Amino acid sequence: MRGHNMKKTLLVLLGTSLLLFVLTVWLSIGESAHYRPGTVTSTFGLVKPEVNFIVTSQSNYTTSPVNNSYCRDVQDRLLTVSLKKRYSEDYYIQTVNDLQNCTWHKRPEERSKFRLDLSSCCNGVKNFIVSQNNTSVGINITYEVESKKRILITEEIYRMLPKSQPFDGTPFKQCAVVGNGGILANSGCGVEIDQSDFVFRCNLPPTSGNVSVDVGNKTNLVTVNPSIISQKYRKLNKVKNVFLKYVSNYGNSLLLLPAFSYSSNTAISFEVHRVLEKNQAKQKAVFFHPNYLKNLAKFWKGKGVRAYRLSTGLMITSAAMELCEEVILYGFWPFSKDLEGKPISHHYYDNMLPKPGFHAMPKEFYQVLQLHHKGVLRLQIGKCEKR
């Protein structure tokens, strides 16, 4: 009886072992039809999940290029970032490096959608600049920043204003918005910038001499910070020849001043207008419309950009998005290091830092990154290709 039980037990064990062996073989065959899950380190220094693909037969074997998967990961990170958090410079630089490895594509539908949103909010085509067709004699304009202060539009002020928005030929086909970031130094972007149909610049930056190789010298509109004029030309009439010689570097450009942003800017802005007109200069002084800037601030605030005031670069970029079919940004780089982590100056011409807390530069920059990735505009970082 005992021998019979032992024999029965051995048969059960042998049967179980055989079953396990068959199951193991079956699983190994099934597993070979898949790419085993794990991690893969890309050539860009990131670790990301490997995509699993099922291989059924050679005829219907399909895969997505690794680059597509990688760029989708970049997109997911861009769209899920919380602008309420603070990120390090290295985080932003890594993100830009990631984007550099993804082919940029213009997306007209995304571009039209964003342009429509901007137009509904701000209507820069009609309201970007104070003109006689959007302002009347005898009205009071409220300052952009000093909302409790107003200025009466007298006959004299009214005569300073252009009859309409001074942008003949809009929408321009391709526009360059040139920031002053140190990333422009040694970029060789000058020729590419000068080939644009319309070139925007910020705060009277140097464009003549050796720097023109990197930044070009064509200028159609340049913003003027009154504080810069006050520092260099404290009494404009006494040094008007020096001032006129400097602005002559900008050709037949428009000098855009914030006369109606702060009351302290008004007198010097009007003085620039008078000096240019009296001396029959090729350049013309025009003024930001405060209502346009207020509406623009609300627009970007709704997207998470909260600051005391928007940067001039974002203001001009926003206007360019309405005035131009294609927009390329150069020199937009608010960081102290380049893409390789090497120290660079704040501007391509000096290292003067902005007032802390005045602008939300990293948040603005992230908005630009998102627009770049969506194909709404193109952000040029680093060296330009020789053509």
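Data overview
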item	result
Residue selected from region 271-296 under the condition farther than 19 Å from Ile229 by Cβ and surrounded by fewer than 21 Cβ atoms within 10 Å (Cβ to Cβ), by the criterion farthest from the chain's Cα centre (by Cα)	Gln280
Some residue of region 134-142 being over 27 Å from Lys301 (Cα atoms) and at pLDDT below 95	no
Test for Phe287: is it in contact (Cβ under 8 Å) with a residue 60 or more places away in the chain, in contact with a strand residue (DSSP E or B) (Cβ under 6 Å, 6 or more places away or on another chain) and in a strand (DSSP E or B)	yes
Residue count for region 348-362, restricted to those that are at pLDDT below 85 and either surrounded by 11 or more Cβ atoms within 10 Å (Cβ to Cβ) or over 14 Å from Ala307 (Cα atoms) (or both)	8
Qualifying residue in region 86-96 (condition: of a type in the set (Lys, Arg), surrounded by fewer than 17 Cβ atoms within 10 Å (Cβ to Cβ) and in a helix (DSSP H, G or I))	no
Complete set of residues in region 193-246 that are more than 20 Å from Phe128 (Cβ to Cβ) and acidic (Asp, Glu)	Asp194, Asp214
Any hit, region 170-192, residues being over 30 Å from Pro108 (Cα atoms), of a type in the set (Val, Ile, Thr), in contact (Cβ under 8 Å) with a residue 40 or more places away in the chain and crowded, with 17+ Cβ neighbours inside 10 Å	no
Sole exception among (1) in a loop (DSSP other than H, G, I, E, B); (2) farther than 20 Å from Ser318 by Cα; (3) in contact with a Ser or Thr (Cβ under 7 Å, 6 or more places away or on another chain); (4) not hydrophobic (A, V, I, L, M, F, W, C) for Lys238, by number	(3)
Residue match in region 327-336 (condition: buried (at least 21 other Cβ atoms within 10 Å of the Cβ) and without any contact (Cβ under 8 Å) to a residue 60 or more places away in the chain)	no
Count of region 165-219 residues which are of a type in the set (Val, Ile, Thr), at pLDDT 95 or above and within 17 Å of Ile316 (Cβ to Cβ)	7
Those residues of region 259-270 which are surrounded by fewer than 20 Cβ atoms within 10 Å (Cβ to Cβ) and within 18 Å of Pro162 (Cβ to Cβ), in sequence order	Phe270
Count - residues of region 94-142 that are farther than 30 Å from Leu152 by Cα and of a type in the set (S, T, N, Q)	7
Output for region 294-314, where each listed residue is under 15 Å from Asp117 (Cα atoms) and in contact (Cβ under 8 Å) with a residue 40 or more places away in the chain	Asn295, Leu296, Lys298, Phe299, Trp300, Lys303
Among (1) surrounded by fewer than 21 Cβ atoms within 10 Å (Cβ to Cβ); (2) in a loop (DSSP other than H, G, I, E, B) - the single one Ile228 does not satisfy	(2)
Pairs, first free of Cβ contacts under 8 Å to residues at least 60 places away in the same chain and over 15 Å from Ser318 (Cβ atoms) in region 113-136, second charged (D, E, K, R) and assigned to a loop (DSSP other than H, G, I, E, B), C-beta under 6 Å, six or more apart	Gln132/Lys163
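The rows are residues; the columns are (1) of a type in the set (A, V, I, L, M, F, W, C); (2) outside any loop (DSSP other than H, G, I, E, B); (3) in contact with a Lys or Arg (Cβ under 6 Å, 6 or more places away or on another chain).
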site: Ser147; (1), (2), (3): no, no, no
site: Arg159; (1), (2), (3): no, yes, no
site: Lys163; (1), (2), (3): no, no, no
site: Asp168; (1), (2), (3): no, no, no
site: Gln174; (1), (2), (3): no, yes, no
site: Val177; (1), (2), (3): yes, yes, no
site: Ser187; (1), (2), (3): no, no, yes
site: Glu192; (1), (2), (3): no, yes, no
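The values are calculated or read from the model by the stated rules, or taken from the named source; none is laboratory data. Given the structure is predicted, the values throughout are model-derived calculations rather than measurements. Ideal geometry is used to build each Cβ from the backbone, glycine not excepted, and the neighbour counts take in all protein chains shown.
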